[in-house]
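What follows is a short report on a single structure.
The values are calculated or read from the model by the stated rules, or taken from the named source; none is laboratory data. The structure displayed is predicted, hence computed values, not measured ones. Virtual Cβ from ideal backbone geometry, glycine too; neighbours counted across all protein chains shown.
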Amino acid sequence: MHSAPDFIPATVIEADTIAGDVRRLRIRPDHGFARAEPGSHCTFAVNLGGLERERSYSVVSDEGGAWTIAVRHLENGRGGSRFMAGLDVGDRLRVAPPANHFQLSPMSPDYLLIAGGIGITPILSMARSLTKRPNLRLLYGGRTRESMAFVDDLAGMLGERLTLFVENDGQAIDFPREFVKLHPEGEAYICGPNAMLQAARHAWAASGRSPALLRFETFGASGSRENEPFLVHVRDHNTTIEVPRDASLLDTLNRHGIELAQDCVRGECGLCAIEVVGEAELDHRCVFLSDEQRRAGHKICACVSRAVGEITIDTGFRPGLDRINPAKAVARSGAGRQRLGG
């Protein structure tokens, strides 16, 4: 159902708070250090309520045989940021070497980097690699100036090529306007909350630009509502389970022995998309489903999306048939792979 990363033991060698609730950690593996390409992330084994889960965080830098990440502590998140923010110098943990699903093209005639909140972490590594390129702009939005990490680093690195947008000062990124300034074959890279990604995608589509030139990464904690517990009626297992505030639908189902196909666990690949039966109020937090699919409300990506109140699902489990042909079970669960935005 899911290939576990090759975890190696590591130690936290530096830890500090750099902006608001953002914790910076420098982590040195016992062995197997590998350099991180721009946009890379490391996956960590985190302890959530006595259960081991996987959470991924972008690599900000990879100097001196250690990887540096930055984590925003989200009280209403899925628990990973709380675990990571609680780490301190000397703490031991397990980490998988860097992987990259948000690769930076080296040959674009123009680059527009866009970050929202803690989405600055993969964008920072890209900006650093492109510092000597004149055809580069970075747009960085955040709720307050104090909550925005790495601003001083970016200002020293980019100068006038950096533009900040502070929500509490009434500033917001005007995507149509910014996209007009971009070369027709230029590329945009964006990481931020779901609402920002959706606004950028709509503006990009309206501009008539190639979808392959808009590349993005999301983080699964962002939705239109605060996390609240909800009930899930699993029709094909004839059971009802409560999804806690600090756990995902996917993790909750797994904990109760209902395993789904999964891969990215960020709402991007669609492998864990399952059928929604009847009416439900859904808080879609994935980028896999199209606008039409979201409005229809027949699918939900269990790794990141949530429901309000209660929901009935069908995971595609069919005793007997699934033992004969497991591939059909995966197909019925709505599994699929799609790379959006290139």
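Some notes on this structure:
- All positions within the stretch 173-197 that are surrounded by fewer than 18 Cβ atoms within 10 Å (Cβ to Cβ), free of Cβ contacts under 8 Å to residues at least 60 places away in the same chain and outside any loop (DSSP other than H, G, I, E, B): Pro176, Arg177, Val180, Ala195
- Output for the stretch 13-36, where each listed residue is over 23 Å from the mean Cα position of the chain (by Cα), of a type in the set (A, V, I, L, M, F, W, C) and within 30 Å of Thr144 (Cα to Cα): Ile13
- Matching residues in the stretch 188-217 - criterion: being touching a strand residue (DSSP E or B) at 6+ places or on another chain (Cβ under 9 Å) and farther than 27 Å from Val304 by Cα: Arg209
- Contacts under 6 angstrom Cβ, first residue in the stretch 248-259 being assigned to a loop (DSSP other than H, G, I, E, B), partner not acidic (Asp, Glu), 6 or more apart: Ser248/Arg78; Ser248/Cys303; His256/Ile241; Ile258/His237; Glu259/Met1
- Only one of the listed residues (Arg201, Arg294, Arg266) is part of a loop (DSSP other than H, G, I, E, B) and either modelled with pLDDT under 90 or of a type outside the set (A, V, I, L, M) (or both). That residue is Arg266.
- Unique match (being in the same structural domain as Val166 (by TED's automatic domain parsing) and not aromatic (Phe, Trp, Tyr)) among Leu130, Leu51: Leu130
- Residue that is touching an Asp or Glu at 6+ places or on another chain (Cβ under 6 Å) and of a type in the set (D, E, K, R), where the choices are Glu185, Glu275, Glu242, Glu167: Glu275
- Considering (1) over 29 Å from Ala199 (Cα atoms); (2) in contact (Cβ under 8 Å) with a residue 24 or more places away in the chain; (3) not aliphatic (A, V, I, L, M), the lone condition that Phe288 does not fulfil carries the number (1).
- Count - residues of the stretch 140-171 that are crowded, with 22+ Cβ neighbours inside 10 Å and either under 17 Å from Ser61 (Cα atoms) or without any contact (Cβ under 8 Å) to a residue 60 or more places away in the chain (or both): 5
- With respect to the conditions (1) modelled with pLDDT of 95 or more; (2) surrounded by 14 or more Cβ atoms within 10 Å (Cβ to Cβ); (3) assigned to a helix (DSSP H, G or I), Leu112 falls short on a single one, namely (3).
- Residue that is surrounded by the most Cβ atoms within 10 Å (Cβ to Cβ) [pool: residues in the stretch 198-237 that are among the aliphatic types (A, V, I, L, M) and over 25 Å from Leu253 (Cβ atoms)]: Leu214
- Any hit, the stretch 218-226, residues being at pLDDT below 95 and over 18 Å from Val308 (Cα atoms): yes
- Residue under evaluation Arg137, criteria (1) without any contact (Cβ under 8 Å) to a residue 60 or more places away in the chain; (2) assigned by TED's automatic domain parsing to the domain that holds Ile13, criterion not met: (2)
- Scanning the stretch 249-271 for residues that are of a type outside the set (Asp, Glu) and in contact with a strand residue (DSSP E or B) (Cβ under 8 Å, 6 or more places away or on another chain) gives Leu249, Thr252, Leu253, Arg255, His256, Ile258, Leu260, Val265, Arg266, Gly267, Gly270.
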